[in-house]
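The values are calculated or read from the model by the stated rules, or taken from the named source; none is laboratory data. Treat the numbers as computed from the prediction; the structure is a model and nothing was measured. Counting neighbours? That spans all protein chains shown, and the Cβs are built from the backbone with ideal geometry, glycine included. Calculation scope for accessible area: heavy atoms of the full protein, side chains included, ligands and nucleic acids excluded. Shrake-Rupley method; radii C 1.70, N 1.55, O 1.52, S 1.80 Å.
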Amino acid sequence: MISFPNAKINLGLFITEKRADGFHNLQSCFYPIGWSDALELIPAEPFAFSSSGLPIPGEAATNLCVRAYELLKKDFALPSIQMHLHKIVPIGAGLGGGSADAAFALKLINEQFALGLSVAQLQDYARRLGSDCAFFIQNKPVYCVEKGDIFEEIGVDLSGYSILLIYPNLAISTAEAYANIRPTKPQRPLRDYLQQPIKTWRQTVRNDFEDSLFPNYPVLPKIKQQLYELGAVYASMSGSGSTVYGIFDAPPVISNQFEDYNVWQGKL
């Protein structure tokens with residue numbers, strides 16, 4: 001069986017407070033996009049995990065796909081499998097690529113071996129693998145609160161818009177992104193701003209990580225400004241990583257200004 005774990009972007013990201021458990025509470029809207037990896041699973045002996053495409057740091061045993069299999073194996077008599085991940089979505093990019101791989105691994109295993117797990121059960125397993133993982137079980141736009149793993153319905157539909165993502169070949173770890181963050185209680189919930197027309201978002205819908213990361217990585221605000229110069233109705237950094245995206249009424253025409261970067265363009 002094969003599936004295509006897709007990335008997500010954050011439409012706004014407010015870091016509202018530090019939690020007692022060391023994590024942070026936040027407000028954001030996760031929105032799925034088409035930039036995808038490819039994950040294949042087949043029953044086979046012995047168990048093996050392999051990858052191609054972009055290099056994945058760390059040992060295979062610590063890969064989130066492997067951890068997803070091991071997590072389910074604790075509760076179910078799973079046969080041995082072989083998994084292959086072709087990595088396309090950049091790492092440390094704020095796009096949730098690793099989280100998507102883990103969630104899709106859970107869904108593939110559930111389907112392949114008829115485990116009968118519900119959406120809620122799959123989300124519970126996914127939350128044990130990472131805060132973003134549970135989003136990719138249903139893989140639809142949601143408003144996220146607490147650690148980013150509690151979801152609420154939100155009526156945000158960007159169908160018809162185009163998106164351009166620029167990854168400047170710069171991986172930013174979650175730890176680095178949070179190192180200089182200063183949680184702030186917003187005057188209004190992010191949800192309120194997202195319900196307004198997208199043309200107003202430039203003034204209201206912010207990513208709090210930009211304040212702490214832009215001074216250290218001047219390429220990021222430069223890309224954001226370039227996207228607005230291309231005609232973006234809204235541009236932002238995604239998540240805690242280094243990808244900057246622009247949302248456009250129509251597909252933008254780009255020349256060579258991003259030729260040194262990893263670029264993806266598509267429809268929302």
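Go through the stretch 1-41 and give me each residue that's part of a strand (DSSP E or B) and either open to solvent by 70 Å² or more (accessible area, probe 1.4 Å) or of a type in the set (D, E, K, R) (or both). Break it down into steps so the answer makes sense when it comes.
Kept after step one, since they are part of a strand (DSSP E or B), are these residues of the stretch 1-41: 2-3, 6-18, 24-36, 38-41.
Hits for the stretch 1-41 are I2, K8, E17, K18, E40.
Among the residues of the stretch 145-169, which ones are open to solvent by 40 Å² or more (accessible area, probe 1.4 Å), modelled with pLDDT of 90 or more and part of a loop (DSSP other than H, G, I, E, B)? Lay out the reasoning, then the answer.
First pass over the stretch 145-169, keeping only residues open to solvent by 40 Å² or more (accessible area, probe 1.4 Å): 146-147, 150-153, 155, 157, 159-161, 169.
Remaining after also requiring modelled with pLDDT of 90 or more: 146, 150-153, 155, 157, 159-161, 169.
Once the filter is applied, which keeps residues that are open to solvent by 40 Å² or more (accessible area, probe 1.4 Å), modelled with pLDDT of 90 or more and part of a loop (DSSP other than H, G, I, E, B), the stretch 145-169 yields E146, E153, G155, D157, S159, G160, Y161, N169.
Please enumerate the residues belonging to the stretch 61-83 that are under 21 Å from the mean Cα position of the chain (by Cα) and assigned to a helix (DSSP H, G or I). Write out each step before concluding.
Filtering the stretch 61-83 down to residues under 21 Å from the mean Cα position of the chain (by Cα) leaves 62-69.
Selection gives T62, L64, C65, V66, R67, A68, Y69.
When L227 is evaluated against the numbered criteria (1) modelled with pLDDT under 95; (2) touching a strand residue (DSSP E or B) at 6+ places or on another chain (Cβ under 6 Å), which criterion, by number, is the only one it fails?
With respect to (1) modelled with pLDDT under 95; (2) touching a strand residue (DSSP E or B) at 6+ places or on another chain (Cβ under 6 Å), L227 is out only on (1).
I'm checking my understanding of the structure. Among residues of the stretch 205-224 that are charged (D, E, K, R) and either in a loop (DSSP other than H, G, I, E, B) or modelled with pLDDT of 95 or more (or both), which one is nearest to L190 (Cα to Cα)? Walk me through it before giving the result.
Here is the first cut: in the stretch 205-224, the ones charged (D, E, K, R) are 206, 208, 210-211, 222, 224.
Add one more test, that the residue is either in a loop (DSSP other than H, G, I, E, B) or modelled with pLDDT of 95 or more (or both), and what stays is 206, 208, 210, 222, 224.
Details: R206: 9, D208: 12, E210: 16, K222: 25, K224: 21 Å.
My answer is R206.
Can you report the number of residues in the stretch 84-129 which are open to solvent by less than 30 Å² (accessible area, probe 1.4 Å) and part of a strand (DSSP E or B)?
Adding up the residues that qualify gives 2.
Which ones in the stretch 231-262 are open to solvent by 50 Å² or more (accessible area, probe 1.4 Å) and not small (G, A, S)?
Filtering the stretch 231-262 for residues open to solvent by 50 Å² or more (accessible area, probe 1.4 Å) gives 249-251, 253-257, 259-261.
Scanning the stretch 231-262 gives D249, P251, V253, I254, N256, Q257, E259, D260, Y261.
Within the set of pairs 6 or more residues apart or between chains, which connect a residue that is surrounded by fewer than 14 Cβ atoms within 10 Å (Cβ to Cβ) inside the stretch 199-218 to a residue that is assigned to a loop (DSSP other than H, G, I, E, B) with Cβ atoms less than 6 Å apart?
K199/V233
Starting from residues that are of a type in the set (A, V, I, L, M) and assigned to a helix (DSSP H, G or I), keep the ones in the stretch 181-204 and report whichever is farthest from V263 (Cα to Cα).
Filtering the stretch 181-204 down to residues of a type in the set (A, V, I, L, M) leaves 181, 190, 194, 198.
Then keep just the ones that are assigned to a helix (DSSP H, G or I); that gives 190, 194, 198.
Values: L190: 28, L194: 26, I198: 23 Å.
That would be L190.
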